[in-house]
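The values are calculated or read from the model by the stated rules, or taken from the named source; none is laboratory data. Keep in mind that this is a model prediction, so the values were computed, not measured. Please note: Cβ atoms are built from the backbone with ideal geometry, for glycine as well, and neighbour counts cover all protein chains shown. In case anyone asks, the SASA skips ligands and DNA or RNA and just uses the protein heavy atoms, side chains included. Shrake-Rupley method; radii C 1.70, N 1.55, O 1.52, S 1.80 Å.
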Amino acid sequence: MRPHINDLQMTRKIHAHWHQDSSCCQIVGQDTVPDVADLLPHIDAVITDYSSIYVDLLLRDVPAIFIPYDIRDYESTRGLLYDYNSITPGPKVFTQESFLQELSLALSGANHYGEHRYIIKNLLHQHHDGSAASNVSKTIRELNHL
């Protein structure tokens, strides 16, 4: 679990109630993992409200659970570029019970929302064939020959 940097006070509360010896989950902050991209290969499911972190995880078909508990306030103060329900390929949960149910589904390996993730991945990612390093290298070589 890596809370957003703006949630430092909440992070302290989570640490106070979390069992650090948990075998499945750990809380890490910006001081431990400065770049969240370093965690992406190790994530089995993402839980978020409005963060775009799920977009990167679409490349690995990682299930996402969305908790838009204050969607109306968020839309009126921060705004959204896209229709939230259309662009977020996963369940929207508003209760602890539905959260736990959806988390269990996400971690079970079931392809729940898989088609929606595929559609959004193709909408938001132009290249997703696993050849990023090769493509960058090729572009650099081409630029050197100009």
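If you plug each phi of region 53-58 into the Karplus form 6.51 cos²θ - 1.76 cosθ + 1.60 with θ = phi - 60°, what whole-Hz ³J(HN,Hα) values come out, in order, with x for Gly and Pro?
Couplings: 4, 4, 4, 5, 6, 4 Hz.
Whole-Hz ³J(HN,Hα) for each residue in region 105-120, computed from phi via Karplus 6.51 cos²θ - 1.76 cosθ + 1.60 with θ = phi - 60°, x for glycine and proline: what do you get?
4, 4, 7, 6, x, 5, 8, 4, 6, x, 5, 5, 4, 4, 5, 5
Would you check the accessible area of Lys92, probe 1.4 Å, heavy atoms only, in square angstrom rounded to 10?
Probe radius 1.4 Å; accessible area of Lys92 about 60 Å².
Dipole magnitude of region 63-139 about its Cα centre, charges +1 at Lys/Arg Cβ and -1 at Asp/Glu Cβ only, in debye to the nearest 20?
Taking the Cα centre of region 63-139 as origin, the dipole is about 280 debye.
For Ile65, what residues show an amide H to amide H distance below 5 Å, using hydrogens built from the backbone and excluding near sequence neighbours?
Val46, Ile47, Thr48
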